[in-house]
Amino acid sequence: MKKAINGFTLVELMVTVAVAAILLAVASPSMVSLYEGNRARSAIGNIETAFLQARSQAISYGIQVTICPLVGTNCSTDWSGGYSIFIDVAPINSLNTDDLLIATQSAINSSDFIKSSANSFTFNPDGMLNATNAGSMVYCPGDTSSANSRGISIGVSGRVTELTGSNCT
């Protein structure tokens, strides 16, 4: 009597691998979109939190607080490299010896970028932005045509609201 051997034949294994490869090829583009969407939501949430923290600090301490992308001690234009929140004792949009650094945020994903309408945002002691600072920020994952971009608007009143239909171009 022959003993039955349990297992897979080579043909069965090849068919299983082929079906798995087809399913992966179909699902992969939607996974990239899902990943970009989650990354954009998370990053714009961090930016919104940073603005709320800066506004709160300005009101709590009764002093101007600036949020900007610092390069050395000066505000730059590249928000993608990270940004800092600091108490701006002498409001010149740069970190000097009298200023106090409150928080920093590290650089974002290297394939993404942030489009901002201003190089810095300064909150006054009453929680309002300087009139010249109101604007918007858009987080763009990947290229400029990404449908997953997310944005916020920062009003003169200091209120931060989410933008719908954010554009990266």
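The values are calculated or read from the model by the stated rules, or taken from the named source; none is laboratory data. Quick caveat: nothing in here was measured; it's all calculated off a predicted structure. Cβ coordinates were reconstructed from backbone atoms using ideal geometry, including for glycine residues, and neighbour counts include every protein chain displayed.
Any idea which of (1) at pLDDT below 80; (2) among the acidic types (Asp, Glu); (3) surrounded by fewer than 18 Cβ atoms within 10 Å (Cβ to Cβ) is the one Glu162 doesn't satisfy?
With respect to (1) at pLDDT below 80; (2) among the acidic types (Asp, Glu); (3) surrounded by fewer than 18 Cβ atoms within 10 Å (Cβ to Cβ), Glu162 is out only on (1).
Kindly list, by first and then second residue, each pair from a residue in the stretch 105-118 that is within 16 Å of Ser166 (Cα to Cα) to a residue that is acidic (Asp, Glu) and crowded, with 20+ Cβ neighbours inside 10 Å, limited to pairs with Cβ atoms under 9 Å and residues at least 6 apart or on different chains.
So the pair list comes out as Asp112/Glu36.
For the stretch 57-77, which residues satisfy the criterion of being farther than 12 Å from Thr122 by Cα, modelled with pLDDT of 90 or more and among the polar types (S, T, N, Q)?
Ser60
Go through the stretch 146-165 and report how many residues are more than 18 Å from Arg55 (Cβ to Cβ) and among the polar types (S, T, N, Q).
4
Restricting attention to the stretch 37-58, which residues are more than 13 Å from the chain's Cα centre (by Cα), surrounded by fewer than 17 Cβ atoms within 10 Å (Cβ to Cβ) and of a type outside the set (S, T, N, Q)? Lay out the reasoning, then the answer.
Initially, the stretch 37-58 is screened for residues more than 13 Å from the chain's Cα centre (by Cα), giving 52-58.
Adding the requirement that they be surrounded by fewer than 17 Cβ atoms within 10 Å (Cβ to Cβ) leaves 52-53, 56.
Listed by number, the list holds a single entry, Leu52.
I'm trying to understand the selection: among the residues of the stretch 130-141, which are in a loop (DSSP other than H, G, I, E, B) and more than 14 Å from Thr66 (Cα to Cα)? Show your work before the answer.
Step one: of the stretch 130-141, the residues in a loop (DSSP other than H, G, I, E, B) are 130-134, 141.
Passing the criteria: only Pro141.
Determine if the stretch 10-18 includes at least one residue that is exposed (fewer than 13 other Cβ atoms within 10 Å of the Cβ) and of a type in the set (D, E, K, R). If you could, list the steps in order and put the result at the bottom.
Taking the stretch 10-18 first, the residues exposed (fewer than 13 other Cβ atoms within 10 Å of the Cβ) are 10-18.
Applying the additional criterion that residues be of a type in the set (D, E, K, R) yields 12.
Taking every residue of the stretch 10-18 in turn, at least one turns out to be exposed (fewer than 13 other Cβ atoms within 10 Å of the Cβ) and of a type in the set (D, E, K, R).
Does Ser30 qualify as being modelled with pLDDT under 95, closer than 23 Å to Ser111 by Cα and exposed (fewer than 10 other Cβ atoms within 10 Å of the Cβ)?
Values: modelled with pLDDT under 95: yes; closer than 23 Å to Ser111 by Cα: yes; exposed (fewer than 10 other Cβ atoms within 10 Å of the Cβ): yes.
Yes; evaluated as a whole, the condition is true for this residue.
Given (1) over 16 Å from the mean Cα position of the chain (by Cα); (2) of a type in the set (D, E, K, R); (3) modelled with pLDDT of 85 or more, identify the lone condition not met by Asp98.
Status for Asp98: all satisfied but (3).
Looking at Thr144 and the list (1) surrounded by fewer than 17 Cβ atoms within 10 Å (Cβ to Cβ); (2) modelled with pLDDT of 90 or more; (3) of a type in the set (Val, Ile, Thr), which single condition is not satisfied?
Going through the list (1) surrounded by fewer than 17 Cβ atoms within 10 Å (Cβ to Cβ); (2) modelled with pLDDT of 90 or more; (3) of a type in the set (Val, Ile, Thr), Thr144 breaks only (2).
Outside any loop (DSSP other than H, G, I, E, B) and at pLDDT 90 or above: is that true of Gly127 in this structure? Quick ask: steps written out before the conclusion?
Values: outside any loop (DSSP other than H, G, I, E, B): no; at pLDDT 90 or above: yes.
It is false that Gly127 is outside any loop (DSSP other than H, G, I, E, B) and at pLDDT 90 or above.
Answer yes if at least one residue in the stretch 104-120 is under 15 Å from Ala58 (Cβ atoms) and either at pLDDT 80 or above or surrounded by 16 or more Cβ atoms within 10 Å (Cβ to Cβ) (or both), and no otherwise. Spell out how you get there, then give the answer.
Let us first name the residues in the stretch 104-120 that are under 15 Å from Ala58 (Cβ atoms), namely 120.
From what is left, the residues that are either at pLDDT 80 or above or surrounded by 16 or more Cβ atoms within 10 Å (Cβ to Cβ) (or both) are 120.
Yes, the stretch 104-120 contains a residue that is under 15 Å from Ala58 (Cβ atoms) and either at pLDDT 80 or above or surrounded by 16 or more Cβ atoms within 10 Å (Cβ to Cβ) (or both).
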